[in-house]
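See structure below.
Every number here is computed from the coordinates shown, using simple stated rules; none is lab data. Just so it is clear, the model here is predicted, and its values are computed rather than measured. FYI the Cβ positions are ideal-geometry reconstructions off the backbone, even for glycines, and counts take in every protein chain you see.
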Amino acid sequence: MDTDSIHSGYSHHSNRSRGSNKQSERSSRDRHKSHSRDSSSRSDKNVTISASSAQPQQPDQGSAPTDAQDDNWGETTTAVTGTSDHSLSQEDLAGFGKETDGPVEKLNCIRFIPLALTLLLGLLVLVTPLSFLVLPQVLWPERLQACGTACEGLFLSLAFKLLILLLAGWALFVRPTRASLPRIAVFRALLGLLTLLLLLSYWLFFGVRILDSQEENYHGIVQFAVSLVDALLFIHYLAVVLLEIRHLQPCFSLCVVRSTDGETHHYNLGQLSIQRAALVILQHYYKDFSVHNPALLTAAKSRAAKHLAGLKVYNVDGAGSDAATAQSRAKIAAAARQRDTSHNELYYEEAEHDRRVRKRKARLVVAVEEAFTHVRRLQEEEKKKPPGDEMDPREAAQAIFPSMARALQKYLRTTRQQHCHSMDSIQAHLAFCITNNMTPKAFLESYLMAGPTLQYGRECWQTRQWTLVSEASVTSPLHHGSEFQLKSSDFSLVVTSKTIPHLKLSEEYVHPKSHKFVLQLQSETSV
Amino acid sequence: FLSLFQQRIEIQKLREGDNLILGFSIGGGIDQDASQNPFSEDKADKGIYVTRVSKGGPAEVAGLRIGDKIMQVNGWDMTMVTHDQARKRLTKKKEDVVRLLITRKSLEETVRQSMMQH
């Protein structure tokens, strides 16, 4: 995006000397550029590779401690060009894409099995009462007693009840599945089994009592069919209550904490199994939690690495059985005694970072406000006589974008958000803001604050594969104190649940005329 | 209930123009908010207290001090009067002299201390 040799975000954390920075910057920038080019043309799954493959740079930088090694780093090492062992070449990326195609297709097939079963059951439900009515007419029409208006009434009610049942079934069951859960959904399976049992028993009775004995009372047969449809409607009522209504009344409060940065949110849920609760939590995660930004966590990791690398323990008395615990205890004691000034560094580093962010933000706000003054919506009277250079929103955005691009990019680099926003997404957002008459502040808000994951493009919306880690069975219901984890590739969400306490509400009646007041005086008189 | 820690003070009113002034200010009264009285020990005490004594005035000369509680004025009881009634009793135009019966916290302490010494 810019033509200066400003080092990219990843080498921003390098603690190497300035002299050898230039070569590493160029190499890391090349690597970063090749990855971004690859990733933008591929599906979201491959972007995780580019983000995590650049991470191995950090331990490298951390393990180059002395200055003497730093100066020769550029000349002697081979990890300079884009084909080092830490970067993936074009072929590797292409190969990885092919590998995951297979399991993805299989997953797609598995996802449609419940839908297929539901449709099959629906077909059976539709066919059974109709066949109860039609089969006697077909098999022994001469012997059937004609029944008049009563039967017609029953036919009408049967038709409408079937229609209602089908519509209700379609509304409740035929929906695109939101997710594939690890175990079967217990309630749905039970309801399917119940319906199947009901149909089977009705077929059994029909077969034995009516087909075998060739029943002549057609009125009775029609009533038999109508009773089946009634029973099916009641099963549908049971399905609505179990699947949709039971979990509406909140009785658990779940606390969800993200493991990397500790961001916490609380949700109130009803009685659900652990897997269904996990599903609800994930749906809320994408809109409530701010986007996971791994670049913000590297500072803490480098500090942790420095703490660990500070002390080395030598065993001079020979190997003992409890050497490991003795070593760790000795390390902790020595570290406590050592005068550690890393807190000082942290304080000044953070103050400096805040100052830099504020400065860049000020420049950015001014640049954006100035850019927005250059573009104006075409008025109605001006539209009649074309001025000649009218533009649609996308072109207008492209026209004013260069004046703010540099300030915006510098700001994103300072707050380490540059990988969440691509140039296309920024221009698209700018065109969107121009179309909807938004102010510069409205345009900037999505860059100044880290928003929820939903707000960003598909590149950041990476994880759709989550793993549910739980000590209890995932189909068991939630109870007070149940804990489980939702693991994704970069982080995990730790969930604990507590019951909402039983609330006792009592009443106190206040008479409307009981509000009386007196004045509180404190006067002082001189005599 | 007659408290032992009392003092009698006689103030000569000073004529200033058309008015007779005593040189102090009072606060309190049964119609006032007793909890805001800074001088009383018991915050439910609705008696009349001296809130300010003007320098060099007749009250200071006579020995009245800030924080004193006025129990009687010329024989009239002041422990259960409204603020306005108290003001009227102190500013009667026909009287030149007011004789006050006051009680003072520091007075109580000195008497108690002298009693404890015996």
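Tabulated data for the structure shown
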quantity: Computed FRET value (nearest 0.05) for residue B:99 with residue A:515, which takes r as the C-beta separation and R₀ as 51 Å; calculated: 0.65
quantity: Of B:15, B:104, B:65, the one that fluctuates the most in a GNM where chain B has Cα springs shorter than 10 Å; calculated: B:15
quantity: Residue-wise HN-Hα coupling along the range A:240-249, computed from phi with Karplus coefficients 6.51, -1.76, 1.60 (Hz; x: Gly, Pro); calculated: 4, 5, 6, 8, 10, 9, 4, 8, 7, 7
quantity: Label-point gap, in nm, between residue A:377 and residue B:77 - each point 7 angstrom along Cα→Cβ; calculated: 8.2
quantity: Burial ordering of A:221, A:235, fewest other beta-carbon atoms within 10 Å first; calculated: A:235, A:221
quantity: Residue order, fewest to most surrounding Cβ atoms within 10 angstrom, among A:420, A:251; calculated: A:251, A:420
quantity: Furthest towards positive pole of dipole, A:408, A:452, A:439, structure part the range A:398-459, Cβ charges; calculated: A:408
quantity: For B:71, B:115, A:404, A:423, order by how many other beta-carbon atoms lie within 10 Å, fewest first; calculated: B:115, A:423, B:71, A:404
quantity: Linear extension gain, residue A:300 paired with residue A:491, 0.36 nm per residue minus alpha-carbon span; calculated: 67.2 nm
quantity: Förster-model FRET efficiency, 45 Å R0, residue A:150 and residue A:249, C-beta, rounded to 0.05; calculated: 0.55
quantity: Flagged links, alpha-carbon separation over 18 Å, of B:46/B:69; B:43/B:88; B:13/B:88; calculated: B:43/B:88
